[in-house]
Amino acid sequence: MFRQLECFIQICKAGSFTKAAEVLMISQPTLSQQIRFLEVEVGTPLFQRVGRGVKITDDGEILYEKALSVMRLIEESKKETHELRYARANQLSIGISPVDFNGLIPRFLKFHEQYPDITLKFASTENTSQQLLNRRIDIGIADKYDPNKEIHAMHLYKEEQALVVYADHPWADRTFISFQELENLESSLFVGDKSLIEHLHTFSEKMNKYLQSKFESTSTAILLSMVLQKLGVAILPVSLIETFSGQHLKMIRFVDLTPVREMKLIFKKDHHHNPSVQKCIDFFLES
């Protein structure tokens with residue numbers, strides 16, 4: 001139908017099948033066939049033969065005005081689709097927690113230097129998998145996600161975790177501590193990493209009472225605030241603790257068993273609609 005309308009409009013403008021066929025670069029029999037199909041579709045003749053040319057009928061005049069409107073709408077749609085595709089190709093929405101963002105600022109700056117035309121938009125991660133499926137973000141950077149057949153996760157880096165205590169805690173003068181010594185802890189222990197919590201449960205039954213706190217959270221920033229308020233101590237990412245260093249906190253590293261968070265680059269498998277996603281993946285792989 002689109003091609004038929006295109007042929008019809010060109011004949012109306014040229015006033016001749018011959019001239020229209022030359023402009024459209026098709027044979028005259030092919031052009032005539034397209035118009036016959038269109039006349040069958042609308043149920044009325046569209047042209048009258050006049051000498052060597054043609055004259056549009058009254059019914060044809062009505063169709064001509066409508067056809068021009070249709071073609072304008074199609075062109076506008078093409079333009080808007082192109083602009084949207086271009087915008088997507090030059091925009092990347094990344095889901096990341098404020099805590100992890102601080103440690104990755106140098107990489108994001110380097111990515112911007114390499115791809116200055118790509119606008120980076122950052123959003124807080126709540127449920128990385130769902131945000132990806134809903135297309136609220138293009139890429140997620142997190143240590144955990146809900147497995148899904150439409151989502152792929154790629155190892156990014158591992159981050160050491162350490163014990164953080166408030167300034168006047170009995171262990172505040174320590175620089176290193178063994179994992180085994182956690183059994184001697186006499187205050188609540190806050191942990192945001194679920195896999196580490198499971199490990200602590202299996203490591204020692206004695207640890208269970210310290211992990212059963214009245215205050216719980218999966219947010220590492222909130223857990224750090226709890227330590228600042230002297231509600232207990234916590235095992236948190238080293239980069240987070242260092243960010244708040246000097247604020248009445250003391251970091252104690254483990255000497256025997258070092259817990260780590262494995263950070264992942266998470267994205268949809270069908271990410272090819274946005275070329276910026278692949279550029280970001282390639283960039284982090286090279287890094």
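The values are calculated or read from the model by the stated rules, or taken from the named source; none is laboratory data. This structure is a prediction, so every number in the text was calculated from the model and none was measured. Glycine gets a Cβ as well: all are built from the backbone with ideal geometry, and neighbour counts include every protein chain shown. For the accessible areas, the whole protein counts, side chains as well, though only heavy atoms, and no ligand, DNA or RNA atoms are used. Shrake-Rupley method; radii C 1.70, N 1.55, O 1.52, S 1.80 Å.
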Open item on the list: Regarding the range 246-268, can at least one residue be identified that is without any contact (Cβ under 8 Å) to a residue 60 or more places away in the chain, in contact with a strand residue (DSSP E or B) (Cβ under 7 Å, 6 or more places away or on another chain) and of a type outside the set (A, V, I, L, M)?
Closed with: no
- [ ] Take the residues in the range 75-105 that are among the aliphatic types (A, V, I, L, M) and modelled with pLDDT of 85 or more, then tell me which one is surrounded by the fewest Cβ atoms within 10 Å (Cβ to Cβ).
- [x] ILE105
TODO: Being open to solvent by 20 Å² or more (accessible area, probe 1.4 Å) and either over 17 Å from HIS271 (Cα atoms) or small (Gly, Ala, Ser) (or both) is the filter here, so list the residues in the range 133-155 that pass it.
DONE: ASP143, LYS144, TYR145, ASP146, ALA153, HIS155
Open item on the list: Can you list residue pairs whose Cβ atoms sit under 7 Å apart, with the first residue in the range 215-241 being assigned to a loop (DSSP other than H, G, I, E, B) and the second being at pLDDT 85 or above and hydrophobic (A, V, I, L, M, F, W, C)? Count only pairs 6 or more apart in sequence or on different chains.
Closed with: PHE215/MET226; PHE215/LEU231; SER217/LEU223; GLY232/LEU189; GLY232/PHE190; GLY232/MET226
Open item on the list: Which count do you get for residues in the range 242-272 that are open to solvent by 80 Å² or more (accessible area, probe 1.4 Å), within 25 Å of THR128 (Cα to Cα) and not in a helix (DSSP H, G or I)?
Closed with: 1
TODO: Write out, first by first residue and then by second, each pair whose Cβ atoms fall under 7 Å of each other, whose residues are 6+ apart or on separate chains, and whose first residue, in the range 147-160, is closer than 18 Å to LEU104 by Cα while the second is open to solvent by 60 Å² or more (accessible area, probe 1.4 Å) and in a strand (DSSP E or B).
DONE: HIS155/GLU262; LYS158/VAL260; LYS158/GLU262; GLU159/VAL260; GLU160/VAL260
Task: Conditions (1) open to solvent by 60 Å² or more (accessible area, probe 1.4 Å); (2) under 17 Å from ILE62 (Cβ atoms); (3) modelled with pLDDT of 90 or more; number of the one not met by MET1 - done: (3)
Task: Qualifying position, being under 28 Å from PRO98 (Cβ atoms) and open to solvent by less than 40 Å² (accessible area, probe 1.4 Å), among SER195, SER239, SER178, SER204 - done: SER239
